[in-house]
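Student: Shown below is the structure under consideration.
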């Protein structure tokens, strides 16, 4: 049975709270030296921990899509929305690959340390991709943007707190050693900028694609 389309905040509240719990648990686990496979290693990137929030984009994106579609707030054509959202992802990562090949954008790695270049181009591509995702399914993109911000703002707070604690060893405060020329005074900005730009954008991109897939799988064709 169809119901009224849920409001954005109502829809994202429980996922955002669950994401917050995972963020806090991961922080405590790293400080206490618990199992690094679950909580991640206290180094830049966290070492691919099982208990992370990045993969929740796919889980909650799918769930948002199913909820919206079943409440009658789905896209007119879920298949087309899915295709368009995949194009949005291709715009970002295809554009990044092209810019790196042209030498406009460059990211260091362990074999080639240095200072990243072209971050402004990356954010511009991310904005373009999010716009295409919004064209694919505007309501889902809005839901994923709000969720992405609510998921990452606690990370910002945790990072700021951890930076002021000398005895805490956690990936939230670590910069990859191959990223050179990052002054200590710029550490906070370097760590926080991706949490408020790149990660919410990535949440919109992949989350909207998963939401469109959820709408397609739910089998109810209801216009937004």
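Laboratory data are not the source of any read-out in this text; all were calculated from the coordinates shown. Keep in mind that what you see is a predicted model, and the values were worked out from it rather than measured. Heads up, the Cβs are rebuilt from the backbone with ideal geometry, glycines too, and the neighbour counts pull from every protein chain shown.
Student: Given the alpha-carbon gyration tensor of the range 1-64, what are the semi-axes of its equivalent ellipsoid in whole angstrom, ordered largest first, with each equal to the square root of 5 times an eigenvalue?
Tutor: 30, 11, 8
Student: What is the extension gain from residue 76 to residue 24, computed as 0.36 nm multiplied by their sequence separation minus the C-alpha to C-alpha distance, in nm to one decimal?
Tutor: 14.8 nm is the gain from fully extending residue 76 to residue 24.
Student: Below 8 Å between Cα atoms, with a sequence gap of 6+, how large is the relative contact order for the chain in percent? Let's see the in-between values first.
Tutor: Values: 351 pairs, mean separation 79.7, N = 224.
Across the chain, relative contact order equals 36 percent.
Student: Can you tell me the 0 to 90 degree angle between the C-alpha axis of helix 138-163 and the longest principal axis of the chain, rounded to 10?
Tutor: That works out to roughly 20 degrees.
Student: Taking Cα atoms, how many degrees apart are the long axis of helix 56-70 and the longest axis of the chain, rounded to 10 and kept between 0 and 90?
Tutor: Helix 56-70 sits roughly 10 degrees off the main axis of the chain.
Student: If R₀ is 30 angstrom, what is the calculated FRET efficiency for the pair residue 175 and residue 10, using the beta carbon separation as r and rounding to 0.05?
Tutor: Calculated value: 0.20.
Student: On to the next question. Need one number: the % of Cα-Cα pairs in the range 64-125 sitting beyond the 19 Å mark.
Tutor: That fraction is 51 percent.
Student: Separate question: Could you state the number of Å between the C-alpha centres of the range 21-39 and the range 159-214?
Tutor: 17
Student: Starting from the Cα of residue 37, step 7 Å along the direction of its Cβ; do the same at residue 166; then give the gap between the two resulting points in nm.
Tutor: 3.6
Student: Under a plain spin-label model, where a point goes 7 Å from the Cα along Cα-to-Cβ, how far apart in nm are residue 135 and residue 17?
Tutor: 3.8
Student: What angle, in degrees between 0 and 90 and rounded to the nearest 10, separates the Cα long axis of helix 78-101 from the longest principal axis of the Cα atoms of the chain?
Tutor: The two axes meet at around 30 degrees.
Student: Same structure again: Does the range 83-179 come out rounded, prolate or oblate, given a ≥ b ≥ c as the square roots of the eigenvalues of its C-alpha gyration tensor, rounded meaning a/c under 1.5 and, failing that, prolate meaning a/b above b/c? Please report the intermediate quantities before stating the final value.
Tutor: Details: a/c = 3.35, a/b = 1.23, b/c = 2.73.
Oblate.
Student: Give the calculated FRET efficiency between residue 187 and residue 83 to the nearest 0.05, with a Förster radius of 30 Å applied to their Cβ-Cβ distance.
Tutor: The pair residue 187/residue 83 has a calculated efficiency of 0.15.
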